[in-house]
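Novice: Please read through the structure below; I'll follow up with questions.
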Amino acid sequence: MGRADRTVRMSLQTLRVLEAFLENPGEELSGADVHKRSALPSGTLYPILLRLESAGWFVSRWESINPVTAGRPRRRLYRLTPSGLARASEVFGSFTFGRGVPA
Amino acid sequence: MNRLTTLAGLRSWVDVLAPRLIRCAASWLPAGLCDRLEEEWLSDLCARSAGSSRLQFAIGCCWAAMQIGGDDLALNVATCGRATVGGPVTAHVYARARTSSTLRPKAAASNGSVVCDINTTPLIDVMLVLLVTLIMSLPLMTHAVKLDLPQAQPLSAPAPDAISLDIESDGTVLWDGTPVTNLEQLDGYLRAEARKTPQPEIHLRPEPRTRYGVVARVLALAQHDRIQRIGFVGTGVYKD
């Protein structure tokens, strides 16, 4: 894939996205799921998801369902990569008060 | 009753408007991302409850498209369009797509139409290379190392020996002031000098009243003995 594990600028919104994934690191979340957990508007959420995916923190895939039988379109699912999980844990570990987003 | 009808009409209008906004926003994206994000956003739109939430989501997608299109990051994301599933878009392809089709209609970028703009990227690359080369070569051109080198002394060639060969008016030949008894002795002197390296100069100084035949025999003998440096000196006395 040749993805580079580049440094991601850590904003409060980025931390919220990471926090949504760190609740269950192995879980795959769609943009709508992340929106429900982080309460970020779509204009902020999707650029962050793309940046993190570009940096190698996330991988994404299309949901493997049949839209006809499921009655809804397939979703794009994001998942933390092992390196992304390590980096995210490292970022949140730097906060002395735990995983929570700094106020 | 009329109010409910108005709300229902507004909601249906939003349901039609939101997908259109999303498709419009996706068309602003680079060619490699527009299909993927359009499908992703439309899918996530279905997860929203109908009404203002969908409209907010669609407007947010427009904002996201502008953010992604103007993002300086060379995104390296996997795209799965509708026609082709899977396949990553490298940073290079994405950067090229960004420069060519950012904030342009999707059709213009994806239908293979001719782009009339001059691609100035290689020109700028060449200019920067030339500029850097010039900047790096300037100190070499102006910089000089001052060294006190030893000055070469002109070689003073040793003055060749000069042998005066005087011929008096009575035919007497003087070899450096010493009378030569006969031509055989003179021949021996000349042969000995001819073997030296370098040969000495023979300064021939016949008196004005000397017979030409004597001088001619001395010159012939010198030529026969391969004397190369021979000349008349004191020729001013012959003017009178």
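Novice: Mind checking the full-extension length gain between B:THR178 and B:ARG23? Use 0.36 nm per residue of separation minus the Cα-Cα distance, one decimal, nm. Write out the running numbers ahead of the final one.
Specialist: Values: separation 155, 0.36 × 155 = 55.80 nm, distance 12.56 nm.
That works out to 43.2 nm of additional length.
Novice: Treating only the Cβ of Lys, Arg, Asp and Glu as charged (+1, +1, -1, -1), what charge dipole size does chain A show about its Cα centre? Round to the nearest 20 debye.
Specialist: Details: 15 positive and 9 negative charges, 54 e Å.
It works out to roughly 260 debye.
Novice: Can you return the aspartates and glutamates within cross-link range of B:LYS239? Criterion is Cα-Cα under 17 Å, with same-chain partners fewer than 8 residues away left out.
Specialist: B:GLU207
Novice: Per residue of A:70-77, what is the mean number of Cβ atoms on other protein chains within 10 angstrom of that residue's Cβ?
Specialist: Values: counts 0, 1, 3, 8, 4, 6, 9, 1.
Shielding by partners across A:70-77 averages 4.
Novice: Solvent-accessible area per residue for chain A at a 1.4 Å probe radius, Å²? Spell out each step's value before the answer.
Specialist: Working: 4910 Å² over 103 residues.
Per-residue value: 48 Å².
Novice: Continuing with this model, one more query. Over chain A, with every protein chain in place, what whole percent of the accessible area is carbon and sulfur at 1.4 Å, could you tell me? Could you put the intermediate results ahead of the total?
Specialist: Numbers: 2600 of 4910 Å².
So the carbon and sulfur contribution to the accessible surface is 53 percent.
Novice: Next question. Quick one: dipole size for segment B:156-240, taken about the Cα centre, charges +1 on Lys/Arg Cβ and -1 on Asp/Glu Cβ, in debye to the nearest 20.
Specialist: On the way: 10 positive and 12 negative charges, 58 e Å.
Roughly 280 debye for segment B:156-240.
Novice: Also, I was wondering about something else. Taking only protein heavy atoms into account and a 1.4 Å probe, give the accessible area per residue of segment B:164-240 in Å².
Specialist: Details: 5070 Å² over 77 residues.
With all protein chains present, segment B:164-240 gives 66 Å² per residue.
Novice: Interface size between chain A and chain B, please: total buried accessible area, 1.4 Å probe, rounded to the nearest 100 Å². Show your work: numbers first, answer last.
Specialist: Details: alone 6060 and 17150 Å², together 20940 Å².
Separately minus together, A and B give about 2300 Å² buried.
Novice: Shifting gears a bit: Return the FRET efficiency for the residue pair B:GLN56, B:LEU149: r is the Cβ-Cβ distance, R0 is 56 Å, and the value is rounded to the nearest 0.05. Don't jump to the answer; show the numbers that get you there.
Specialist: Values: r = 83 Å, r/R0 = 1.48.
Rounded to the nearest 0.05, the efficiency is 0.10.
Novice: Give me the one-decimal nm value for the distance between modelled label points at B:ASP170 and A:ALA39, 7 Å along each residue's Cα-to-Cβ direction.
Specialist: Using points 7 Å along Cα→Cβ, the separation is 14.6 nm.
Novice: What average number of partner chain Cβ atoms lie no more than 10 Å from the Cβ of the residues making up B:61-69? Walk me through the numbers on the way to the answer.
Specialist: Details: counts 6, 2, 6, 11, 3, 2, 7, 4, 1.
Average neighbour count from other chains, rounded to a whole number: 5.
The values are calculated or read from the model by the stated rules, or taken from the named source; none is laboratory data. Since the structure is predicted, the reported quantities are computational estimates derived from the model, not experimental observations. For neighbour counting, all protein chains shown are included, and Cβ atoms are generated from backbone atoms with ideal geometry for every residue, glycine included. Just so you know, the surface numbers come from the protein's heavy atoms only, side chains and all, with ligands and any DNA or RNA stripped out. Shrake-Rupley method; radii C 1.70, N 1.55, O 1.52, S 1.80 Å.
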